[in-house]
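The values are calculated or read from the model by the stated rules, or taken from the named source; none is laboratory data. Only a predicted model underlies this, so the values are computations on that prediction, with no experimental measurement involved. Ideal geometry is used to build each Cβ from the backbone, glycine not excepted, and the neighbour counts take in all protein chains shown.
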Amino acid sequence: MVTPVLVFDATHDNIGALPEGAQVAGYTTGTGTHIRWTDADFAAHPGAVRIDQDPAASDPTPTSWTSRREPLPRPARPAG
């Protein structure tokens, strides 16, 4: 049986908004240092999920999650 786990992700600049004691995730790729977590960020959040959002999966860390995808918005239905 698979148990869903609620995970909160944040960019480097928004780490302070992560809830205390929650499972968190940080970005190992991205354009700009405001997005990518530093080694110190990951050290301060042991067990954090590593998100590699590069389609080429450029993060060599074997524990990086490379399949992060945002849900697509559903098209509006025509009235009537």
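Do you know which residues across the stretch 19-53 are under 11 Å from Val7 (Cβ atoms) and either touching a helix residue (DSSP H, G or I) at 6+ places or on another chain (Cβ under 8 Å) or acidic (Asp, Glu) (or both)? Within the stretch 19-53, Gly26, Ala48 qualify. Can you spot a residue in the stretch 19-34 that is at pLDDT below 80 and touching a Lys or Arg at 6+ places or on another chain (Cβ under 6 Å)? Among the residues of the stretch 19-34, not one is at pLDDT below 80 and touching a Lys or Arg at 6+ places or on another chain (Cβ under 6 Å), which makes the answer no. Can you say whether Gly30 is outside any helix (DSSP H, G or I) and surrounded by 16 or more Cβ atoms within 10 Å (Cβ to Cβ), as far as the supplied structure shows? Yes: the conditions hold for Gly30.
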